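The structure under discussion appears below in the form of structure tokens.
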Amino acid sequence: MRIGAHLDQSDVIAQAASIGADVAQIFLGDPQSWKGPEFTFPGGAEALKDAAAAAGLELVVHAPYVINVASTNNRIRIPSRKLLQQIVDGAAAVGAVGVVVHGGHVTAKDDPAKGFDNWRKAIDALETDVTVFVENTAGGDFSMARRLDRIEGLWAAIQQADGAANVGFCLDTCHAWAGGIDLTTAVEQVRAITGRVDLVHLNNSRDAAGSGADRHAGLTSGSIDPDLLLGVVHAAGTSVVCETHADVPADVAWLREQVG
């Protein structure tokens, strides 16, 4: 089990070493931008790939938040698919094991099945050896990956795509809590649908269960019992990334102490 955090690409090797992380998640540029990958690590993508390998550091890329391949709006869906291809290409260039992508959403007037099928088409069109990790989301009645029934519909559609074997799942504990998924059985329930949990985003929440609010908190300082979070870690048995910002150094240290 690897433990780490979301860190700054430009200084990721040093930051990971300073907190004892052996997995790091990075952005390839501004997460709110459509611009495509930017390599801010000194020496660029190849230098980052070599430095991470030398340090024994596993890299994961988080795709920009603007991507919504489920959208029924051509002006969002088509650029999203283009940007996702650019990001997985960038992830391959830095040697990342996967790219985390939010499930996205449709609108109130859309049949969710349209969004599911748009995901199928996106995976069909994607050319990559890098695994895409679909991440569950916290809120939105029209989201593709907030609740288990939607995750089930999304996964069934993705399985019809040519590249289905190259799609994994990222379970975010804050999002699951906010989305009304029971954390005591979350890994079991997700695996019953997807057959896999490839990455855990381990975050506490500042809000109540079922709130729909995506506001992360430090692992021992939020509204989720830390023992519930540890239960998810043990059940998943896979790489864990903390996205708890200022709390990251203490959270990584606490988690290492808890899991041995």
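The values are calculated or read from the model by the stated rules, or taken from the named source; none is laboratory data. If you're wondering where the values come from, they're calculated on a predicted model, not measured in any experiment. Neighbour counts are summed over all protein chains in view; Cβ atoms, including those assigned to glycine, are modelled from backbone coordinates with ideal geometry. Note: areas computed on protein heavy atoms with side chains; ligands, DNA, RNA excluded. Shrake-Rupley method; radii C 1.70, N 1.55, O 1.52, S 1.80 Å.
Of 40, 137, 244, the residue with the greatest mean-square motion in the GNM of the chain, using alpha carbon springs below 10 Å, is 40. Membrane-span-like helices in the chain, defined here as complete DSSP H runs extending at least 18 Å along the helix axis by their C-alpha atoms with mean Kyte-Doolittle hydropathy no lower than 0.0, are 74-94; this is a sequence and geometry rule, not a statement about a membrane.
Considering only chymotrypsin sites (Phe, Trp or Tyr not before Pro) in DSSP loops that have at most 16 other Cβ atoms within 10 Å, the longest stretch of the chain without any of them is 143-260.
Among the protein heavy atoms of segment 182-260, carbon and sulfur supply 46% of the accessible surface, probe 1.4 Å, non-protein parts ignored. Accessible surface computed residue by residue for the chain, with neighbouring protein chains in place and a 1.4 Å probe, gives 41 Å² per residue.
When the square roots of the Cα gyration tensor eigenvalues are ordered a ≥ b ≥ c, the ratio a/c for the chain is 1.5 or more and a/b does not exceed b/c, which makes its shape oblate. Rolling a 1.4 Å probe over the protein heavy atoms leaves residue 78 with an accessible area of roughly 100 Å². May I ask you to list the residues of segment 36-62 whose amide nitrogen lies under 15 Å from a point 7 Å from Cα along the Cα→beta-carbon direction of residue 256? What the label zone holds, given the 15 Å backbone N cut-off, is 56-58. Across the chain, the mean sequence separation of Cα contacts (distance under 8 Å, 6 or more residues apart), normalised by length, yields a relative contact order of 17 percent. Residue 124 sits among other residues whose Cβ lies under 14 Å from its own Cβ, and their net charge, with Lys and Arg +1 and Asp and Glu -1, is +1.
Mean residue ellipticity, 222 nm, helices only, the chain: the sum of -39500 (n - 2.57) across DSSP H runs of n ≥ 4, divided by residue count and rounded to 500, is -12500 deg cm²/dmol.
Quick one: pull the percent of accessible area on segment 109-163 belonging to carbon and sulfur, 1.4 Å probe, ligands and nucleic acids left out. The value for segment 109-163 is 43 percent carbon and sulfur by accessible area.
Taking the Cα centre of segment 79-231 as origin and assigning +1 to Lys and Arg Cβ atoms and -1 to Asp and Glu Cβ atoms, the resulting dipole is close to 280 debye. Within the chain, antiparallel bridges make up roughly 10 percent of the DSSP beta bridges whose residues both belong there. In segment 62-147, a dipole from Cβ-located charges (positive for Lys and Arg, negative for Asp and Glu) runs towards its positive end, and of 103, 91, 130 it is 103 whose Cα lies farthest in that direction.
Beyond 27 Å between alpha-carbons counts as too far, so tell me which of 49/82; 49/114; 35/109 fall in that bin. Where the Cα-Cα span goes over 27 Å, the pairs concerned are 49/114; 35/109. Placing unit charges on the Cβ atoms only, positive for Lys and Arg and negative for Asp and Glu, gives segment 165-209 a dipole magnitude near 80 debye about its Cα centre.
Maximal additional length on extending the residue 75-residue 108 stretch stands at 10.1 nm, based on 0.36 nm per residue less the C-alpha distance. By DSSP, the beta bridges lying fully in segment 25-162 are antiparallel in about 10 percent of cases. Taking the Cα centre of the chain as reference, the dipole from Cβ charges on Lys and Arg (+1) and Asp and Glu (-1) amounts to some 680 debye. Placing unit charges on the Cβ atoms of the charged side chains and taking the dipole of the chain about its Cα centre, the candidate lying farthest along the positive direction among 36, 116, 213 is 116. Residues of segment 78-92 with an amide N closer than 14 Å to a point placed 7 Å from the Cα of residue 124 along the Cα-to-Cβ direction: none. Each of 178, 239, 78 was scored by the projection of its Cα onto the charge dipole of the chain, and the greatest displacement toward the positive side belongs to 78; charges sit on the C-beta of Lys, Arg, Asp and Glu. When a/c reaches 1.5 or more, the comparison of a/b and b/c decides; with that in mind, is segment 1-114 rounded, prolate or oblate per its Cα gyration tensor? It comes out prolate by the Cα gyration axes.
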